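Everything on this sheet refers to the single structure shown next.
The values are calculated or read from the model by the stated rules, or taken from the named source; none is laboratory data. Here the structure is a predicted model, which is why all the values come from computation and not from measurement. Reconstructed Cβ throughout: ideal geometry from the backbone, glycine too, with neighbour counts over all protein chains shown.
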Amino acid sequence: MAEVVVFKELYSWQSDHDQAVFVDGANEVVIYQSVYDKSIRVIDSATENTIFNNARYERGQAVTVTPNQPLCEVIAFSADGRLVLYWHNHPLAIGIVNGFDVDSDDILVDCTPYEETIVLNIFWLEAGTNGTYDFAVVCTTCIDIYSYSSSNQVLRRVCSKRISCTDVWNDVSGTHVIVLKSNQVLQLYRLINKEVRAVTDIELAIKSEHKLHKSSIIVATIYNDTYCIHKDASSGTISLRSLRNSKAVDIVLELSCQGWLEIAILDNVVLALTGGGETYLFDIAMTDKRLLARVPQSKPAVASMSSDVQAFIPNVVVDYYGGFAYNIAIDHNMLMLLLSQKYAEPLVADFYQRRIGSAQRVLDIVNNAIENKSPRMRANKLLVLLSTIVAPYAKVLVDLNKLGTRTEKNVAIPFNLVEEYIGQRSVISEHRFAKTIIYAAVAKEWNLKPGENVFDAAIALLCHHRRFDHSVLVNIRDELEIQPNPVNNFILKSRLISSTKEDISADFRDYVTLHGAAIPNPHDRSLRNRPYIIVVTLSYLRALVAHNLQPTNVLQILLLDMCVLYNNIDLALQLIRSKNIRDSAYVCYRLLYLYVVLRDPALRQICLDMAIRLKLYGICVKIAVIDEDYYSALVVMKAHGVASFPMHRILYCAAKDVEAQERKPHLWPSMLAFIKSWAEESATDGTSCAPPNLRGCEMWLPSL
């Protein structure tokens, strides 16, 4: 069986007094120094055994630090990789060397003030501006900040803070520094803007006879919060105290530990490595079940190493005695399998939404739940899963609004802006859920081509089952003046609701002929159980509303189209009446085409009401023509100045409708008289109404 936590060898060396390995956590590199050839080698821990091969370093080539360099205590690269900061004790020296220029002289710190004290650590601070580089020197009596200007190659001390301590720890950014004042009391400092600011004391609940070692404390950032982490192997506890929020309650992680205890952090997952050959995986964001898994360590097991083992943030383990450096990785395929066996889908989805680049895993969890139609995913549990998916997305929209992207009149934030803001985070946006989960399931069931609009397929199948001529709908589309759609989205963009005049009837005839018996029959509306994919969509819509989010047009239109496809039009009308599907041109045109095929009075009324609210009076005119109420069509055109619908089409339909004229003998002369009166009124007073568009009406109105 494959391992969940995998150790991969990065580098090996002969462990002696002339060779050493350092870990630069800020740049995620392993640095090997050899006194023999007076050089260092830089290995990228993220790419495992690959030596740097970019503008800074040639592949496999050593970067010279300085001639006759003794073995260092610290070697670290600046954020841009240009400078190397080093410190050695025999003799005492702290300096900077240009990594690009092997012939450049070292820039040395005046170490006279440190001769009567003990230097504990040196480290880079956050990247400066305008070619300045800042670093800190911490000793038992002071914290000094130095600033180096690359333009004039001047190094100066800009700040000095008197302290008294015996040990020091810092995070990889160099912002938070903790010093040991006494065995049970730590002092926190923040190094910001070239200043050293004392913050607060940190008291540890440890026994007085228990001596605090260097390896007992680490400072690390998890979920954008920096923690002082105390490891107690004897009691089997890991305590995390927030350094940014003094009111936060300590987080205590419990485990069964044998021998040593080390910590690595991968994508905000805390890995506790133990001398007993086991690794514990914790997620501190999961308040109920922080322990994700307890797994054996992969070969070579860290337990087989010596006790001289140290883990570095984020994910490097060094065996100093054996001379090995390892990269730690998580096999998420195995971890996901393990979590799926132990926990319910909402918890697993919640975990992976907090990981970077795991969006597909979250989608797989939801897809599996939908495809399997598991009984435990019914009703409330389905809603819990979808609410788990929606919660991070809701937070993203709140954050976007705080950044000043609030749109006018509560218009939805554009999809591309939301996706750009999400980036590599595993947050599933509404658009992505609709496209990847709902649409994909429908397309698979109904054999839709990739990118095929659901309504186009639904209306084609409706025409097929009702033996209705699809070309009638195409002719109606050509008569209406449909505005160009600014959103190029295949879920919204039906070819029947397009400003283009392409012939599409043949495409739908081909679709029906191609699939033949593979086309499912219409869903029986008398059945109480709705299609499961509609249940999923309604549950997702409910989850959005529960998080105070209004569903976008994409989800509403897709839900409407699915109701048509699955013969649940009554449900669609109910959703429109309850405003769960809001007014829009996308909806109104779809209702028009449905009315043309079904001639349902409820469809007609809802479509008319929506068209009036949206001022789509061309649809009102077309409905009047379909109902053979030609005179009312003219009244609507005059009252609302409808120029988009051709008047000659109304006269043509009325002229050839012999039955309508037989029922209403006065209809035809009344229509002609109305048009003449309309033309005279507009000619007399142009402000009262717009003149009628008489183009193409010469046959019936030659005098006008």
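Scan segment 648-673 and report the pairs whose first residue is in the same structural domain as Arg695 (by TED's automatic domain parsing) and whose second residue is charged (D, E, K, R) and assigned to a helix (DSSP H, G or I), with Cβ atoms within less than 9 Å and a gap of 6+ or a chain change.
Here the result reads Arg649/Glu479, each pair linking segment 648-673 to a residue that is charged (D, E, K, R) and assigned to a helix (DSSP H, G or I).
Condition first: touching a helix residue (DSSP H, G or I) at 6+ places or on another chain (Cβ under 6 Å) and farther than 27 Å from Ser147 by Cβ. Can you find one or more residues in segment 251-273 that meet it?
Yes, there is a match, as at least one residue in segment 251-273 is touching a helix residue (DSSP H, G or I) at 6+ places or on another chain (Cβ under 6 Å) and farther than 27 Å from Ser147 by Cβ.
Each row is one residue, and each column tells you yes or no for (1) modelled with pLDDT of 85 or more; (2) over 33 Å from the mean Cα position of the chain (by Cα); (3) outside the structural domain of Val295 (by TED's automatic domain parsing).
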{"position": "Tyr11", "(1), (2), (3)": "no, yes, no"}
{"position": "Asp16", "(1), (2), (3)": "no, yes, no"}
{"position": "Gly25", "(1), (2), (3)": "yes, no, no"}
{"position": "Val30", "(1), (2), (3)": "yes, no, no"}
{"position": "Ile51", "(1), (2), (3)": "no, no, no"}
{"position": "Gly60", "(1), (2), (3)": "no, yes, no"}
{"position": "Leu85", "(1), (2), (3)": "yes, yes, no"}
{"position": "Asn89", "(1), (2), (3)": "yes, yes, no"}
{"position": "Ile94", "(1), (2), (3)": "yes, yes, no"}
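Could you check, for segment 602-613, whether at least one of its residues is surrounded by fewer than 17 Cβ atoms within 10 Å (Cβ to Cβ) and either of a type in the set (Phe, Trp, Tyr) or within 25 Å of Ser688 (Cβ to Cβ) (or both)?
Yes, segment 602-613 contains at least one residue that is surrounded by fewer than 17 Cβ atoms within 10 Å (Cβ to Cβ) and either of a type in the set (Phe, Trp, Tyr) or within 25 Å of Ser688 (Cβ to Cβ) (or both).
If Leu544 meets every condition in (1) assigned to a loop (DSSP other than H, G, I, E, B); (2) in contact with a Pro (Cβ under 7 Å, 6 or more places away or on another chain) apart from one, which number is that one?
(1)
In the list Ser235, Ser246, Ser256, which residue meets the criterion of being farther than 30 Å from Tyr189 by Cα, of a type in the set (S, T, N, Q), outside the structural domain of Leu382 (by TED's automatic domain parsing) and part of a loop (DSSP other than H, G, I, E, B)?
Ser256
Taking only segment 643-681 into account, find how many residues are touching a Gly at 6+ places or on another chain (Cβ under 7 Å) and modelled with pLDDT of 85 or more.
Going residue by residue through segment 643-681, those that are touching a Gly at 6+ places or on another chain (Cβ under 7 Å) are 644-646, 648.
Restricting the remaining residues to those that are modelled with pLDDT of 85 or more gives 648.
Adding up the residues that qualify gives 1.
Taking only pairs six or more apart or across chains, which ones have beta-carbon atoms under 8 Å, a first residue in segment 462-488 that is under 19 Å from Pro646 (Cα atoms), and a second residue that is among the basic types (Lys, Arg) and modelled with pLDDT under 85?
Close Cβ pairs (under 8 Å, with a partner that is among the basic types (Lys, Arg) and modelled with pLDDT under 85) amount to Arg477/Lys501; Asp478/Lys501.
Ile143 passes all but one of (1) under 20 Å from Val74 (Cβ atoms); (2) surrounded by fewer than 13 Cβ atoms within 10 Å (Cβ to Cβ); which number fails?
All conditions are met except number (2).
Any idea how many residues of segment 641-674 are of a type in the set (S, T, N, Q) and not in a helix (DSSP H, G or I)? Please lay out each step first, then the result.
Filtering segment 641-674 down to residues of a type in the set (S, T, N, Q) leaves 644, 661, 670.
So of that shortlist, the ones also not in a helix (DSSP H, G or I) come out as 644.
Summing the residues that are of a type in the set (S, T, N, Q) and not in a helix (DSSP H, G or I) in segment 641-674 gives 1.
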